[in-house]
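A short worksheet on the structure shown next.
Since every read-out is calculated from the coordinates, none of them should be taken as a lab result. Note that the structure is predicted; figures quoted are calculated from it, not measured. Cβ: placed from backbone, ideal geometry, glycine included. Neighbour counts: every protein chain shown.
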Amino acid sequence: MASNRDHQADKHQTGVVPKMLLRTDALYQYILETSVYPREPEPMKELREITEKYPLGMMATTADEVQFLNFLLKLMNVKNAMEIGVLTGYSLLATALALPHDGKILAMDIDRESYEVGRPIIEKAGVAHKIDFREGPALPLLDQLLKHEKNHGSFDFIFVDADKNNYLNYHKRLIELVKVGGLIGYDNTLWNGSVVESPDLPMDDYVMSYRGFVLELNKALAVDPRIEICMIPVGDGITLCRRIK
Ligand code: SAM
Ligand code: CA
């Protein structure tokens, strides 16, 4: 694990104290064991453990990131939320638990089978009534929502965690659906660290195939005057976008 002495040594070499705190796996494990797992609601623990054993489970959001999202949503008093990309419902459950009893979350995924894995736990947690799950590709569902004026500017929080090649297409639509002052969170914007790797280096095919889309999204969000942004290095990176106009 990196020690204060290491930081001092770096300071002498570069003249600045390094800003990246998570230099070791042990430090990440420390966060999980000190502040995440001891406070994890029982249904979140149960769904995390089921998802870890699920064949597609490696796609799920990390426990520290969902803790952060749950915390953020409570701070914002979110009542009307949306999630694109549900899988077993792990981040969905974290969101549903943060909403008040009469809160709502519209959740979309092309894969109902994975959602069915987590649904019994969501029901046991007493939050299923807040969730409106729609099976199907998100883009046409968003276009349907946009046809009704009442949906414009109606969402307090939208979490996007699905097909990375469509993030910019989602953004075009979501910016109309989120309210001014509301938040869109685009997940995986550091894309496995590949955003700073040379494309000539050997890279996992899956990572490589979406890397260009993530880079394009990050560039576009950085100059979009309709939002303020903040890129948070939690999980695989999440870019929070607050609509300002
Ligand atoms: N948010 C989930 C969590 O934290 O547990 C993980 C979601 S996983 C990274 C991505 C999900 O997006 C998959 O379940 C996949 O079926 C879904 N997906 C892929 N393409 C989609 C599309 N066009 N529309 C809606 N969902 C899609
Ligand atoms: Ca993700």
Task: Taking the chain and dividing mean pair separation by its residue count, relative contact order in percent (alpha carbons under 8 Å, at least six apart) - done: 15 percent
Open item on the list: As I understand it, the dipole of the chain uses +1 on the Cβ of Lys and Arg and -1 on the Cβ of Asp and Glu, about the Cα centre. Which of 44, 237, 157 lies farthest toward its positive end?
Closed with: 157
Open item on the list: Please report the net charge: other residues with Cβ closer than 15 Å to the Cβ of residue 49, K and R +1, D and E -1.
Closed with: 0
Task: Amide H contacts of residue 159 (H built 1.01 Å from N, under 5 Å, at least 5 apart or other chain) - done: 82, 83, 84, 185
Task: For residue 104, residues with placed amide H under 5 Å, excluding near neighbours - done: 80, 81
Task: Candidate lysines for bridging to residue 130, where Cα separation is under 30 Å - those fewer than 8 sequence places away on the same chain excluded - done: 45, 53, 74, 79, 104, 147, 150, 164, 172, 179, 245
- [ ] Could you check the simple spin-label distance between residue 196 and residue 216, using points 7 Å along Cα→Cβ, in nm with one decimal?
- [x] 2.4 nm
Task: Mean Cβ neighbour count within 10 Å, used as a protection proxy, ranking 214-222, 32-40 highest first - done: 214-222, 32-40
